[in-house]
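Some notes on the structure that comes next.
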Amino acid sequence: VQLQASGGGLVQAGGSLRLSCAASGIIFSWYHMGWYRQAPGKQRELVATINLDGTGTNYADSVKGRFTISRDNAKSSVSLQMNSLKPEDTAVYYCNADLRGNSYWGQGTLVTVSS
C-alpha cells in the first residue's frame, strides 16, 4: 500500500495550495479518506475527511470555509484545496486511508505559510 502525497511548499499568508494524494495497493473506493496535519511540537490533528463516494465531508473548525477536500475514485486520488492560508496552517500534511479502523498513512508533505 502506498499513499503518495504531493503539492506542499512555501506560500505567503493569504495564498493557496492544492495537495494531492495518489493511492495504490488498495481498493480506493472502499476507503474513507482524510487529511491530517502535524505542526512542530504539536500532536497530529484531523484537517478534513471525505466519505466513500465523496458526498460527505467533515472539516476541522479551524479550516472550515477555507479548505475543500475532494476525491476521484477513478484515479484513486484525494485532494485538499487550501485557500486563504494562514501562518498557523504551517505543518506536515498527511494523507490517510481508513477502512473500519484499518488505516494507512502517506509520508507527508510540508506546507509552510509565511506571514
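Some notes on this structure:
- Across the stretch 46-76, the qualifying residues are those that are in a loop (DSSP other than H, G, I, E, B) and among the hydrophobic types (A, V, I, L, M, F, W, C), and the one among them that is surrounded by the most Cβ atoms within 10 Å (Cβ to Cβ) is V63.
- Consider the stretch 11-32 and keep the residues that are more than 13 Å from Y93 (Cα to Cα) and not small (G, A, S). The one that is nearest to the chain's Cα centre (by Cα) is H32.
- Residue among Q81, Q107, Q38 that alone is under 12 Å from the mean Cα position of the chain (by Cα), surrounded by fewer than 14 Cβ atoms within 10 Å (Cβ to Cβ) and touching a residue at least 24 places away in the same chain (Cβ under 8 Å): Q107
- Matching residues, the stretch 84-104, being of a type in the set (D, E) and either free of Cβ contacts under 8 Å to residues at least 24 places away in the same chain or part of a loop (DSSP other than H, G, I, E, B) (or both): none
- Enumeration of residues in the stretch 84-103 that are farther than 25 Å from S24 by Cβ and either of a type in the set (G, A, S) or surrounded by 16 or more Cβ atoms within 10 Å (Cβ to Cβ) (or both): S84, L85, D89, T90
Laboratory data are not the source of any read-out in this text; all were calculated from the coordinates shown. As the structure is a computational prediction, the values presented were derived from the model and not from experiment. Please note: Cβ atoms are built from the backbone with ideal geometry, for glycine as well, and neighbour counts cover all protein chains shown.
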